[in-house]
Amino acid sequence: MDHLGAILDRLAHAPQADAARLRRLILDAARRLYFAHGADGVSARKIASAVGVSPTAIYLHFRGIDDLLHALRMEGHGKLAEYLRSVDPKLPALARLAAMGRAYHRFGLENRHYYELMFLIRSADAPRREAVQQELFTLMLLRDAVAAGIAAGEIRDDLDPLIVTSALWAKVHGVTSLAVSGLMTQATIEEQETVLAAVFDAITAWLTPR
């Protein structure tokens, strides 16, 4: 291990700012490995080699590789939240939901590595309850928009907001996952937009107050 590596290894046991910096270096290395080689390319040995620390230093900051991948998933959810929050909250409710759906689709196409890790690549083990709860915060942004539309009288008030949210997510997520996974390779961006428009037409018909 070189001089820099020895310093970084000592930082693994250092408090506060130094430890936070090393954690960030480990996470940065894991992200590079994942983006370049996929989840199977992320290992403690490779991360340690990239950062210049011993593999045991990684386990002082993360429970294991699954924990590291969860941290990367949360980065992706943070980016997705930015896309969803970029939609003007003053839009009419149904137009706002459609815009959030398109923002979700755009996030998937523009951040394929994150999207795949967040939704298409999961551990064979059941995820920890707290991890699932952390990841669901982006879904709650959509739930809040639905609830606001119901309160404004622009969305049917006989529906449970969370049920509506789950249905909306399932529809847009299905189209986006097909596009990101390459199963819509024959569809241009314009054709994908036509598919999304059909989805939103059906949603509008369903949610418009009777």
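The values are calculated or read from the model by the stated rules, or taken from the named source; none is laboratory data. Computed from a predicted model, the values in this text were never measured in an experiment. Ideal geometry is used to build each Cβ from the backbone, glycine not excepted, and the neighbour counts take in all protein chains shown. The area values use the complete protein model at the heavy-atom level, side chains included, leaving out ligands, DNA and RNA. Shrake-Rupley method; radii C 1.70, N 1.55, O 1.52, S 1.80 Å.
Helical runs assigned H by DSSP (4 residues or longer) give the chain a calculated mean residue ellipticity at 222 nm of -22500 deg cm²/dmol, each run adding -39500 (n - 2.57) before division by the residue total. Round to the nearest 10 and give me the degree value, 0 to 90, for the angle of helix 16-37's Cα axis relative to the longest principal axis of the chain. The angle comes out near 70 degrees.
Computed from Cα atoms, the angle from the helix 189-207 axis to the main principal axis of the chain rounds to 60 degrees.
In the chain, the longest principal axis of the Cα atoms and the axis of helix 93-110 are about 40 degrees apart. A dipole drawn for the chain from +1 and -1 charges on Cβ atoms has a positive end, and of TYR115, ALA148, GLY41 the residue lying farthest that way is GLY41.
How would VAL195, VAL180 rank on accessible area, largest to smallest, probe 1.4 Å?
Values: VAL195 60, VAL180 10 Å².
Largest accessible area first, the list is VAL195, VAL180.
Note on MET74 and LEU178: the extension gain reaches 35.2 nm, defined as 0.36 nm multiplied by sequence separation minus the Cα-Cα distance. Report the residues of region 183-210 in range of a label on LEU109: point 7 Å along Cα→C-beta, backbone N strictly under 13 Å from it. Label zone hits: 184-197.
How would ARG106, ARG143 line up by accessible area, probe 1.4 Å, largest first?
Result, largest first: ARG106, ARG143.
For the chain, the carbon plus sulfur part of the accessible surface works out to 57%, probe radius 1.4 Å. Fully extending the segment from VAL195 to ALA39, taken as 0.36 nm per residue of separation minus the present Cα-Cα distance, adds 53.1 nm.
One compactness figure for the chain is 1.23, namely its Cα radius of gyration divided by 2.2 N^0.38 Å. Only protein heavy atoms count here; under a 1.4 Å probe, ASP28 has an accessible surface of about 40 Å². Within the same chain, aspartates and glutamates fewer than 8 places from LYS79 are excluded, and of the rest, those with a Cα less than 15 Å from its Cα are GLU110, GLU116, GLU135.
Per residue, the chain exposes an accessible area of 54 Å² to a 1.4 Å probe, with every protein chain left in place.
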